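Accompanying notes for the structure given below.
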Amino acid sequence: MRLVKHAKTARELRTGLSVLLPKQHGLTNAGMGESLGVSIATILRMQKEICQRINSTAEKKESGVAGADNS
């Protein structure tokens, strides 16, 4: 939700919506592509991008917490 609220570009907005709308409204990737005006392949790339961001953020938090515990 944060990515959608703070989107500065249409690409950022579509990327956020590619994850939120299917969860909230049960849209398929084909439905998402049609709604956002992009291909299914683009929907999949945007969803992958979000997953990578989440994993990267989680890894940074874990390493920060581990570092704090070892101090």
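The values are calculated or read from the model by the stated rules, or taken from the named source; none is laboratory data. Because the structure is predicted, anything quoted here is derived from the model rather than measured. Note: ideal-geometry Cβ built from the backbone for every residue, glycine included; neighbour counts use all protein chains shown.
Only residues that are surrounded by 11 or more Cβ atoms within 10 Å (Cβ to Cβ) and either part of a helix (DSSP H, G or I) or modelled with pLDDT under 90 (or both): list them for the range 8-27, please.
Hits for the range 8-27 are R11, E12, L13, R14, T15, G16, L17, S18, V19, L20, L21, P22.
Please work out if V38 is touching a residue at least 24 places away in the same chain (Cβ under 8 Å) and outside any helix (DSSP H, G or I).
Yes: the conditions hold for V38.
Looking at A68, A58, A30, which one is loosely packed, with under 10 Cβ neighbours inside 10 Å and either at pLDDT 90 or above or part of a helix (DSSP H, G or I) (or both)?
A68
Of everything in the range 33-48, what is under 9 Å from the mean Cα position of the chain (by Cα) and surrounded by 14 or more Cβ atoms within 10 Å (Cβ to Cβ)? Give them in sequence order.
Across the range 33-48, the qualifying residues are M46, Q47.
Within the range 28-42, can one find any residue that is touching a Leu at 6+ places or on another chain (Cβ under 7 Å) and acidic (D, E)?
No - not one qualifying residue is present in the range 28-42.
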